[in-house]
1. crowded, with 17+ Cβ neighbours inside 10 Å and either within 17 Å of residue B:85 (Cα to Cα) or of a type outside the set (A, V, I, L, M, F, W, C) (or both): does that describe residue B:39?
2. Hey, residue B:140 hits all of (1) out of contact with any strand residue (DSSP E or B) (no Cβ under 8 Å at 6 or more places or on another chain); (2) under 30 Å from residue A:67 (Cβ atoms); (3) in a helix (DSSP H, G or I) but one; which does it fall short on?
3. Where in the stretch B:31-79 are the strands (runs of 3 or more DSSP E), entirely inside, with at least 1 residues that are of a type in the set (Gly, Ala, Ser) and under 16 Å from the mean Cα position of the chain (by Cα)?
4. Restricting attention to the stretch A:26-43, which residues are more than 13 Å from every other protein chain (Cβ to nearest Cβ) and under 27 Å from residue B:133 (Cβ atoms)?
5. Residue B:82 - would you say it is under 14 Å from residue B:33 (Cα atoms), not hydrophobic (A, V, I, L, M, F, W, C) and not in a loop (DSSP other than H, G, I, E, B)?
6. Need at least 1 residues that are in contact (Cβ under 8 Å) with a residue 40 or more places away in the chain and outside the structural domain of residue A:22 (by TED's automatic domain parsing) per element, so show me which helices (runs of 4 or more DSSP H) inside the stretch A:47-156 make the cut, counting only ones lying wholly within it.
7. So if I check each of A:70, A:105, which one is out of contact with any Asp or Glu (no Cβ under 9 Å at 6 or more places or on another chain) and more than 14 Å from every other protein chain (Cβ to nearest Cβ)?
8. Take the residues in the stretch B:172-185 that are in contact (Cβ under 8 Å) with a residue 12 or more places away in the chain and more than 14 Å from residue B:33 (Cα to Cα); name whichever of them is nearest to the other protein chains (Cβ to nearest Cβ).
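The values are calculated or read from the model by the stated rules, or taken from the named source; none is laboratory data. Computed from a predicted model, the values in this text were never measured in an experiment. In this analysis, Cβ positions are derived from the backbone assuming ideal geometry, glycine residues included, and neighbour counts consider all displayed protein chains.
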Amino acid sequence: MPQVEMEKVEPLLEQFEDQRINLIPILQEVQDTYRYLPQEVLKRISRKLRVPLTEVYQVATFYRCFSLVPRGKHVVQVCLGTACHVRGAPRVLDRMLRDLKLAGPGTTPDLQFTVETVRCIGCCGLAPVARVDNANTHPHLTQAKVGGLLKKYQEKAEAPKAAKPDEASHAKA
Amino acid sequence: MPTLTINGIEVQVEKGTTVLEAARFLGIPIPTLCHDDGLVPYGACRLCLVEVSNGRKQTLQASCCLPAEDGLKVLTHSARVERARRLLVEMYVAVCPSSKRIQDMASAMGVRQVRYQAKHETCIQCGLCVRTCEQQMMAGAIGFSGRGLNRSVSRPFDMTSELCRQCGACLYVCPVCESRCQGPQAESTLCNGCLNISTVCFQSYDNAMCFLEPCHACEIGGPFRADVQVKPRSKDFTRIGEK
């Protein structure tokens, strides 16, 4: 587990009053900042808000938007709802996992992508659909489109460096 | 001071009393697994459900979380309630077949067979340990984590908590920790069902005193009946002796 930069937490905690109702907003901010909830940070929050650590942990493990292990830069949510399922979402997911060399939904070792499966994201007319970073929805996916989708975010993520050639070519293939 | 009717008996209780407390005040036993007098009601086990009518419709509600109100008509042991409770306790037996308290409860309610596959879980998620730790021991060392099927009682990050004083209160209140007595046919019969079956020890040690802790049935049942034998019908069905 990487070293946690604790200095980022303090200004973040300053924005909120020390009340237990602020627990979830704080956790959301931490999740956005670190892309996961580091153990040290949770302990700090527990002390600051005077909420038992068990309760912080309970909330952190309850909601799916929180993660206790580092997540990738881009979170790809592949919808496996009924409509998406019948229109081939499992195949899209398989292709995506194969392109990212993942055994199952999870995070790539280079922390660029996290693949998640979700139930329904509420646009069954666009099935099969995937959503990236909770914002960009990609409709009517096919296996052929998966490579392009990943490449788009890969390039953005690796803008200063050269995109990894082997992975890009693998995605096209 | 709300006045309510429980099983036809009018009772006046203080404001803020729950129906469960009112019934127990009258001496009406309502089975519970997740209730403890010193803890905030949780309403997890649902075994305390009662039939409540407030004029129009009769509904089943958990009495431990239901505040006593004026004019409430409560039936604690109607046929509908008993049926619902039997179903619930049958499922609890299937989840935790090793628990003595659950099996005793099931036998006392007249459950004769368990129609569900045994899960052999170690927890029924009644929240007693979590609440005791937090509310009575003022520690908060254990809590729930996860959600749905993955929900479990755990310590944060699965590490020894510095808040835990190892007082053992969580074990003391746990309804599942105590194993059922390993009498004859422990696999296929419900504990407390020895009311209906013959035991081996009683015959082999004629007048010797039994030092085993008597189960509920032994206490209330007295001498064992030698004439009834258990015949399990099939593998999937847990069945205890019928008359």
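1. When the stated conditions are applied, residue B:39 does not pass them.
2. That leaves (3) as the condition not met.
3. B:58-62
4. Within the stretch A:26-43, A:26, A:27, A:30 meet the criteria.
5. Values: under 14 Å from residue B:33 (Cα atoms): no; not hydrophobic (A, V, I, L, M, F, W, C): yes; not in a loop (DSSP other than H, G, I, E, B): yes.
When the stated conditions are applied, residue B:82 does not pass them.
6. A:82-86, A:89-99
7. Values: A:105 fails: out of contact with any Asp or Glu (no Cβ under 9 Å at 6 or more places or on another chain).
Result: A:70 is the single residue among A:70, A:105 that is out of contact with any Asp or Glu (no Cβ under 9 Å at 6 or more places or on another chain) and more than 14 Å from every other protein chain (Cβ to nearest Cβ).
8. Top of the filtered list is B:179.
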